[in-house]
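What follows is one structure encoded as structure tokens, with my remarks underneath.
The values are calculated or read from the model by the stated rules, or taken from the named source; none is laboratory data. Because the structure is a prediction, the values reported are computed rather than measured. Here the Cβ is made from the backbone with ideal geometry for all residues, glycine too, and neighbour counts use every protein chain on show. Remember, those area values only see protein heavy atoms, side chains included, never the ligands or the DNA or RNA. Shrake-Rupley method; radii C 1.70, N 1.55, O 1.52, S 1.80 Å.
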Amino acid sequence: DSGVTQTPKHLITATGQRVTLRCSPRSGDLSVYWYQQSLDQGLQFLIQYYNGEERAKGNILERFSAQQFPDLHSELNLSSLELGDSALYFCASSTWGGQGNNEQFFGPGTRLTVL
Amino acid sequence: AQKVTQAQTEISVVEKEDVTLDCVYETRDTTYYLFWYKQPPSGELVFLIRRNSFDEQNEISGRYSWNFQKSTSSFNFTITASQVVDSAVYFCALWDNAGNNRKLIWGLGTSLAVNP
């Protein structure tokens, strides 16, 4: 158990809908990262937050947004969902984001299925 | 550009065999960090090792060992006397220190099947 929690574990929804994925980092970790893992694209970095502020951005679509709250938990919002958004979404956390190169600890993931 | 290549897509071995997973990276940075992660069938990504570019010593942790060679830009991972529980997808990753958009660059992974 990495100490990172994600809810829900599974999510099934329809195209055009909006969902919110939630992540709680390990105790003491200030950095949160979001990743998407799909069969055809592998593991893709989406976005990073450090102590409430956006720190780095990857291949995140405009339909997706995220935020990190004062209690350090983070939410990833996915809207206008398409079939291609079906994937495993991971959250990870690390101890600090100054250099950002510390090891990241991953949650169990949320499996999103868009029908 | 920063890049990580794991040329082996799938490897299948019989239990107790030794197996090496290859990782080749490209970077312009003189200071960089490399990682290995394991993703067992349960799906969760598990951190295995982090190495920085200043430390070229090989590392051993039980049946796992890592060979870091800057001259060939490789960071290979060897499992000695493999076990069925080692069956997983293994990812190599490079920390991209470029500019303000620092992030991990991931290889596509190597799927290892250890058969009894």
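Assorted remarks:
- Residues of the range B:69-81 satisfying the condition of being in contact with an Asp or Glu (Cβ under 8 Å, 6 or more places away or on another chain), outside any strand (DSSP E or B) and either modelled with pLDDT under 95 or open to solvent by less than 50 Å² (accessible area, probe 1.4 Å) (or both): B:70, B:73, B:81
- Filter result for residue B:21 (open to solvent by less than 30 Å² (accessible area, probe 1.4 Å), more than 12 Å from chain A (Cβ to nearest Cβ), within 17 Å of residue B:92 (Cα to Cα) and of a type in the set (A, V, I, L, M, F, W, C)): yes
- Residues that are more than 11 Å from chain A (Cβ to nearest Cβ) and either in contact with a helix residue (DSSP H, G or I) (Cβ under 7 Å, 6 or more places away or on another chain) or open to solvent by less than 50 Å² (accessible area, probe 1.4 Å) (or both), drawn from the range B:29-61: B:40, B:56
- Matching residues, the range B:82-111, being open to solvent by 10 Å² or more (accessible area, probe 1.4 Å) and among the polar types (S, T, N, Q): B:83, B:87, B:97, B:100, B:101, B:111
- Selection within the range A:21-35 - surrounded by 15 or more Cβ atoms within 10 Å (Cβ to Cβ) and among the hydroxyl-bearing types (Ser, Thr, Tyr): A:24, A:31, A:33, A:35
- Restricted to the range A:36-79, and to residues there that are open to solvent by 40 Å² or more (accessible area, probe 1.4 Å) and of a type in the set (A, V, I, L, M, F, W, C), the residue that is nearest to residue A:22 (Cα to Cα) is A:69.
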